[in-house]
1. Go through segment 88-103 and give me each residue that's assigned to a strand (DSSP E or B), without any contact (Cβ under 8 Å) to a residue 60 or more places away in the chain and open to solvent by 10 Å² or more (accessible area, probe 1.4 Å).
2. Only one of (1) assigned to a strand (DSSP E or B); (2) surrounded by fewer than 19 Cβ atoms within 10 Å (Cβ to Cβ); (3) hydroxyl-bearing (Ser, Thr, Tyr) fails for TYR51. Which number is that?
3. Quick test for you: out of ARG213, ARG241, pick the one residue that is among the charged types (D, E, K, R) and in contact (Cβ under 8 Å) with a residue 60 or more places away in the chain.
4. Give just the number: which of (1) in contact (Cβ under 8 Å) with a residue 24 or more places away in the chain; (2) assigned to a loop (DSSP other than H, G, I, E, B); (3) open to solvent by 10 Å² or more (accessible area, probe 1.4 Å) does ARG64 not satisfy?
5. Among strands (runs of 3 or more DSSP E) lying entirely in segment 217-331, which contain 2 or more residues that are open to solvent by less than 60 Å² (accessible area, probe 1.4 Å) and basic (Lys, Arg)?
6. Just the residues that are outside any loop (DSSP other than H, G, I, E, B) and of a type outside the set (Ser, Thr, Tyr), please, taken from segment 73-87.
7. Inspect segment 192-214 for any residue being under 24 Å from GLN305 (Cβ atoms) and of a type in the set (S, T, N, Q) and give the result as yes or no.
Amino acid sequence: MQQVVYVASPESQQIHVWQLASSGQLTLLQVVDAPGQVQPMVIAPNKQRLYVGVRPTFSAISYRIDAQGLLTQVGSASLPGSPTHLSTDRQGRFLFSASYSGETLSVSPIDAEGIVGGPIQQLDGLSGCHSSNIDPQNRVLWAPCLKEDRIRLYDVSAEGELSVGAQEDLHAVDGAGPRHMDFHPNQRFAYCVNELNSTVDVIELHSVAGKARTVQSLDAMPQGFADTRWAADIHLTPDGRFLYCSDRTASLLSIFQVSEDGSITLVGHQPTEMQPRAFNIDHRGEFVISAGQKSQHIEVYRIDQESGKLQPLARYAVGQGPMWVSVLALD
């Protein structure tokens with residue numbers, strides 16, 4: 001499997017493109033000058049396009065991905081608010097953009113050439129909307145709203161239109177600040193990292209009552225941690241056995257083992273690059289790539305397949321303020 005790593009650095013307005021070897025070594029392939037402060041990224045399901053949100057023009061940039069993973073810009077479309085997080089539906093027909101500062105969630109069409117167009121729907125008044133996450137069945141969009149301490153749920157129609165479904169939302173505890181999510185590959189559970197109290201909520205997607213519900217909430221920080229909690233990103237390994245989340249104040253990655261019933265157990269912490277706003281996991285589940293927003297570097301770790309603990313391998317200089325990591329499997 002050939003894999004490519006994309007790292008977005010808004011302060012230098014660059015995307016660094018790296019080849020990821022089976023050893024975990026990175027080789028720089030390309031540096032793209034983006035048309036603005038590039039932040040969130042998402043790879044199209046067909047692996048032929050990369051979509052990037054930029055500021056201050058509030059735009060979604062479409063890049064063609066060639067056979068080596070290199071990027072060429074092929075389109076640009078406006079967004080109604082400053083993009084904080086981008087995602088697509090699982091068929092690659094629509095782009096969803098969450099805007100924290102704009103308090104909006106928007107839907108943009110993706111045409112037959114894989115190019116994003118202007119928004120066709122805009123939902124306003126989502127206080128602190130931090131991400132948009134399509135469920136495994138491609139039917140419900142989950143939108144964590146940090147300042148509301150809840151995740152709003154929207155049904156997604158065949159035309160990409162969002163509407164409030166039978167379950168309007170799922171509440172977190174007061175002051176938690178839900179931020180980013182990931183879904184377990186067994187399609188039974190979801191996991192949400194809460195920014196303000198650095199906890200991870202385990203969500204059962206389909207309970208006996210027919211609604212999603214939180215079944216566990218676990219502290220991600222070391223015992224006795226007394227500084228400001230400031231969690232950021234969360235990812236599961238492709239096999240669903242391990243889960244990781246980051247905290248920016250402590251500059252660490254929290255490591256969890258995931259049981260068959262979806263519950264998680266904290267097994268340790270890995271110091272990482274300064275202010276790890278973003279990280280990701282390769283498609284083999286062998287490596288974690290963590291970006292230091294204040295270190296101007298990324299670092300690669302090998303995942304121990306028994307414990308999930310991380311072994312540092314190497315660090316690499318990137319652009320200024322790196323804050324997004326996406327990984328593409330070419331094969």
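1. Our first condition is that a residue be assigned to a strand (DSSP E or B); within segment 88-103, this holds for 88, 94-99.
After this cut, where a residue has to be without any contact (Cβ under 8 Å) to a residue 60 or more places away in the chain as well, the list is 88, 95-99.
Listed by number, the list holds a single entry, THR88.
2. Of everything listed in (1) assigned to a strand (DSSP E or B); (2) surrounded by fewer than 19 Cβ atoms within 10 Å (Cβ to Cβ); (3) hydroxyl-bearing (Ser, Thr, Tyr), TYR51 misses just condition (2).
3. On the way: ARG213 fails: in contact (Cβ under 8 Å) with a residue 60 or more places away in the chain.
Result of the check over ARG213, ARG241: ARG241.
4. (2)
5. On the way: elements: 231-236, 242-247, 252-258, 264-271, 278-281, 287-292, 297-303, 310-317, 324-329.
Fully inside segment 217-331 and qualifying: nothing.
6. The initial filter retains those residues of segment 73-87 that are outside any loop (DSSP other than H, G, I, E, B), namely 73-78, 85-87.
Correct list: GLN73, VAL74, GLY75, ALA77, HIS85, LEU86.
7. Initial filter on segment 192-214 (under 24 Å from GLN305 (Cβ atoms)): 193, 200, 202.
Among the residues that remain, those that are also of a type in the set (S, T, N, Q) are: none.
No: zero hits.
Rundown of residues vs (1) open to solvent by 30 Å² or more (accessible area, probe 1.4 Å); (2) among the acidic types (Asp, Glu); (3) part of a strand (DSSP E or B), yes/no style:
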residue	(1), (2), (3)
SER108	no, no, yes
ALA112	yes, no, no
LEU123	yes, no, yes
TRP142	no, no, yes
LEU153	no, no, yes
GLN167	yes, no, yes
HIS180	no, no, yes
PRO185	yes, no, no
LEU196	yes, no, no
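The values are calculated or read from the model by the stated rules, or taken from the named source; none is laboratory data. Owing to the predicted nature of the structure, the values given are computational and were not obtained by experimental measurement. Neighbour counts are summed over all protein chains in view; Cβ atoms, including those assigned to glycine, are modelled from backbone coordinates with ideal geometry. Remember, those area values only see protein heavy atoms, side chains included, never the ligands or the DNA or RNA. Shrake-Rupley method; radii C 1.70, N 1.55, O 1.52, S 1.80 Å.
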